[in-house]
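What follows is calculated from the coordinates using simple rules that are stated; it is not laboratory data. Model, not experiment: these values are computed from the prediction. Because the Cβ atoms are built from the backbone with ideal geometry, glycine has one as well, and the counts that use them run over all protein chains shown.
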Amino acid sequence: MRSLLVAAVLTAVTSMSTSAYGGLIHTGLPTDFLSYNLLNPVKAAGSIFVADECNLSSFTLNVGAVANGGNFRAIVMDTVSGLPHGNPIWHSDLTPIPSSIAEVTFTPNIELTPGESYFIGFDVGAFTDATGNLNIGTVSTGTLLTDGGVFQNLLGLDIWTPLLDLNLATSIVMDCDELGDCLHDVHCPDPDPAPAVPEPSSAVLLGIGVLGLACHRWRRVKRVAAKRA
């Protein structure tokens with residue numbers, strides 16, 4: 001009986017030390033595509049998501065070449081009043097457009113503010129030196145991306161028009177940064193926590209109390225048996 005109680009107490013202590021971090025938005029595979037070429041005045045497009053962790057670890061775009069292809073850059077932007085705003089806060093290196101539709105992964109590793117909205121997408125000349133013709137994969141609305149659809153930018157001006165019935169097909173991975181340091185995120189651990197004596201949980205106290213009662217009863221039974229002998 002004593003060994004079972006000790007095991008229960010150890011299990012309770014172990015369960016107190018486990019935790020999980022990180023966020024994932026996954027829309028699934030593309031169900032349709034939008035085409036952008038040199039004759040199209042739209043030079044950047046993408047969708048908006050709400051951060052639930054403090055680091056944008058990676059995201060994917062499904063792209064393929066139109067005509068002679070070329071190159072593009074993936075971009076991340078802040079938002080204001082539900083629209084992309086300003087210049088990109090991050091962009092990828094020049095990336096060749098695959099000859100056929102393929103999933104391309106980017107790893108910004110930039111700080112996010114949980115609860116804030118961010119734009120991810122592609123650029124072929126609105127904000128960067130990329131020049132290309134591409135198809136980009138989309139899905140219907142109802143995914144985990146925010147409402148508003150695919151936002152399209154005209155020639156790098158701060159003018160964005162939404163396609164309300166679509167979202168980018170993407171997979172977005174968010175987590176704590178490399179140090180686990182998230183100034184804005186209560187979910188992330190302190191990378192250098194101050195030493196503290198943890199308070200025992202009620203489960204541990206209960207287990208210790210039961211163990212003490214069992215030991216007391218065992219001694220009592222032993223004394224009674226000794227007197228009868």
Q) In what sequence, highest mean first, do 85-95, 59-69, 114-124 appear when ranked by Cβ atoms within 10 angstrom? A) 114-124, 59-69, 85-95
Q. So how compact is segment 23-175: Cα radius of gyration and Dmax in angstrom?
A. 13.8, 40
Q. Does a label point 7 Å from the Cα of D165, set along Cα-to-beta-carbon, have any residues of segment 32-67 with amide nitrogen under 17 Å, and which are they?
A. 32-35
Q) Label-point separation (nm) for E116 and W90, each offset 7 Å from Cα along Cα-to-Cβ? A) 1.3 nm
Q) So how do 168-174, 78-84, 131-137 stack up, highest first, on mean other-Cβ count within 10 Å? A) 168-174, 131-137, 78-84
Q) Relative to the present Cα-Cα distance, how much length would full extension add between L39 and S100 at 0.36 nm per residue of separation? A) 19.9 nm
